[in-house]
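S.K.: Would you mind keeping the following structure in view while I ask a few things?
The values are calculated or read from the model by the stated rules, or taken from the named source; none is laboratory data. Given the structure is predicted, the values throughout are model-derived calculations rather than measurements. The area values use the complete protein model at the heavy-atom level, side chains included, leaving out ligands, DNA and RNA. Shrake-Rupley method; radii C 1.70, N 1.55, O 1.52, S 1.80 Å.
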Amino acid sequence: MQRLYDSNEKEADSHFQIGGIHGLPYVRWDEAGPAQPVGVPAGYCQHSTVIFPTWHRPYCALYEQILHRHAVQIAATYTTADAADWRKAADDLRFPFWDWALHPLPPKQFYDHKQYGQVTITLPDGSKKPVNNPLLGYKFQSGQGPAPPNNSNPTYNTLSKLPWTI
């Protein structure tokens, strides 16, 4: 996920651009739809509409495919004795199923900033590195988020996820 977050925000397959499909940031994705998002909240998100299931699954599938591509590319660089295990894990990587009807709130790793503010990743050489938990939010590369519709002066520099906004 870190590589996806670090992708250039101008690229259609960056976390920034894909996030815009869901709502924030308020940007047009891959030249699709109107130049200025319509509706409140803006963006392409179809929560609370009858077409939500058929809209949300392709959105998640796109994100999953791009995340999978990054994982495969990263796993190919591992040089440790367990490199084949990393490649297999990357090949098998898919989003987990979350039964929101059974568990209305997602796991704490998605929203507990105090306990899960950082996670430790294993680098290709086997060393460990703490990084900010990418499940908790996204910091804009420019330092400031794009302006929401009808507001040319945004005041946010990070998108944080809360249980009710995922």
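S.K.: With every protein chain left in place, what is the accessible area of K139 in Å² (1.4 Å probe, nearest 10)?
M.R.: 130
S.K.: For G137, list long-range residues whose amide hydrogen, built 1.01 Å from N in the peptide plane, is under 5 Å from its own amide hydrogen.
M.R.: It is K161, by chain and number.
S.K.: Leaving out ligands, DNA and RNA, and with a 1.4 Å probe, what % of the accessible surface on region 70-151 is carbon or sulfur? Intermediate results must be reported in sequence, preceding the final value.
M.R.: Numbers: 3340 of 5700 Å².
Percent of accessible area from carbon and sulfur atoms in region 70-151: 59.
S.K.: With θ set to phi - 60° and the Karplus curve 6.51 cos²θ - 1.76 cosθ + 1.60, what are the ³J(HN,Hα) couplings of region 117-134 in order, to the nearest whole Hz, using x for Gly and Pro?
M.R.: After applying 6.51 cos²θ - 1.76 cosθ + 1.60, I find x, 10, 10, 9, 10, 9, 7, x, 8, x, 6, 10, 9, x, 9, 4, 5, x Hz.
S.K.: If you don't mind, there's one more thing I want to ask. Can you spot the lysines whose alpha carbon is less than 24 Å from K128's alpha carbon? Ignore those fewer than 8 places along the same chain.
M.R.: Qualifying lysines at Cα under 24 Å: K88, K108, K114, K139.
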